[in-house]
Amino acid sequence: MPKDLRKFIRTIPDFPQKGIMFRDITTLLKDPEAIKAALKQLCNFSKDLGISKVVGIESRGFIFGALLAEKLNAGFVPIRKPGKLPAEKESATYALEYGTDTIEIHKDAIKLGEKVLLHDDLLATGGTAQAAANLIEKLGGEVVQISFLIELKFLKGREKLKKFDVKSLIEYESEED
């Protein structure tokens, strides 16, 4: 199995806008051994935490989020962009590296006291994960861990998530890294 998952990440300059170095996980996803290695490492982070729900953030957080839910024998809950969820929902607006956005979760997705693993593909400024964690807590869930495939350390997103156990598989120290 691949050990250095970083070699499976493609960097796309100036996407989605000028000055952003986009870390593309599709190159990891097309390699079955890389998927298995990433999933195994992510599961090792949270296998002993008693997770009852895995929450994945739209859209790339759904990929490993759903796989983690199956491996951890937990339910899967999507956090989506506005207008995508059909039932009653809670929403939160937050700042991104390059603007603002809003996310939503079904009000009945998390039960009081459930232990939740929050997963997304990338930690940049931490705004999305912080907003998602706030939504989970508003519904009565306990965020016991937040995991990411990739962390852009130079954007200091982990600082917004200080109260959580944050794990990442691949770290970039700078845009040029």
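Rule-based calculations on the coordinates, nothing more; no lab input. Values in this document were obtained by computation on a predicted structure and should not be read as measured data. With ideal geometry, Cβ positions are generated from the backbone for all residues, glycine too; neighbour counts draw on all protein chains shown.
Computed values, structure above
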quantity	calculated
Ratio Rg/Rh, restricted to the chain and using Cα atoms, in which Rh is the Kirkwood radius	0.95
Among beta bridges that DSSP assigns inside the stretch 48-172, antiparallel share in %, nearest 5	30 percent
Counted charge near Ala109, where neighbours are those whose Cβ lies closer than 12 Å (Asp, Glu -1; Lys, Arg +1)	+1
Of Lys7/Lys156; Lys53/Lys107; Lys40/Lys167; Lys18/Lys81; Lys81/Lys107; Lys47/Lys71, those spanning more than 19 Å from alpha-carbon to alpha-carbon	Lys7/Lys156; Lys18/Lys81
Tensor-based shape of the stretch 90-145 (alpha-carbon gyration tensor, a/c under 1.5 rounded, otherwise prolate or oblate)	oblate
Candidate lysines - alpha carbon under 19 Å from Lys160, same-chain residues fewer than 8 apart omitted	Lys138
Debye, to nearest 20: dipole size of the chain, +1 on Lys, Arg Cβ, -1 on Asp, Glu Cβ	300 debye
